[in-house]
Amino acid sequence: MNPVLSTAQHSHKLQPLEATQRFIQGLKQICFDAVSFEVDTMVVAAISGQRFIPQEVYGELYDLDQDSLERQHCPPGLSAAYLDLRKQLTQQYHRLLQDPDSLLYDPIGAVCDSLSLPPLPRPAGDASEIQRLQHLLGDRQFLCCLRTLGEIKMSLDQQQRHTDATTESTPIYAKTVLQLDGTITNTYTEALLSHPHCPLILQTHQYNIQASEQQWHSILNFLISLLQGTMQRPLTSKNKPRS
């Protein structure tokens, strides 16, 4: 690790204006993640209790390399997709190091090219790298990226399992994606049409769309109210000049 490019740069106490700017930046990132919602309906034998654990997802993505994928006999197409996830993770880390609004911003790293920036911290590295990793996983923007890449990896893992004839697949029977601009995309598998419980699956899917849409609107309204409150904060009585 290059000691000059240490990411522990923000130990000073944040000033009110700086804290407000970072709060707005965080709201902006959340709004970017909330521009659409997706509803998938599947029929499974059991429901897994798996949750998003940043350390585990980071470790799985960090360990992706050509040698390990070849040992797993991963098809070339899937290997390229896996390696692209690893590349995106590194790129997001480097973007945060060069973003002045990021908690990970490194003034020295901001003027470096991508080849001169430090690599991702190793999950099983020394104390210094563990500290860098904890600092990295505490960044909201990086966590959003990590969650998204982890979900894509789960989809790729499922595709890889489907290459094994002994593995029974769990299809998504119905998918609906609603964009902020009003675009709605509905997708249904052919297997749904011949499924004995097709009407029930469609009814359940429609109910999930309605519930998700209500929750989505509530989140957007909450974010808008937060943003409005932040913009109006300088106009509060505490900040008005005395008459």
*For the residue pair Ile108 and Gln210, what label-to-label distance in nm results when each label sits 7 Å from Cα along the Cα-to-beta-carbon direction?*
6.0
_Added length on full extension, which subtracts the Cα-Cα distance from 0.36 nm per residue, Met42 to Ile219_ = 61.2 nm
*Compute the FRET efficiency between Gln203 and Ser128 as 1/(1 + (r/R0)^6), taking r as their Cβ-Cβ distance and R0 = 45 Å, and round to the nearest 0.05.*
0.25
_Integer Hz, Karplus 6.51/-1.76/1.60 couplings in order for segment 132-142, x for Gly and Pro_ = 4, 5, 4, 5, 5, 6, x, 8, 4, 5, 5
*Please give the contour-minus-distance gain from Arg51 to Thr185: 0.36 nm per residue of separation, less the Cα-Cα distance, rounded to one decimal in nm.*
45.5 nm
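Read the figures in this text as sums done on the coordinates, not as results from a lab. Remember, it's a predicted structure, so these values are computed and weren't measured experimentally. Because the Cβ atoms are built from the backbone with ideal geometry, glycine has one as well, and the counts that use them run over all protein chains shown.
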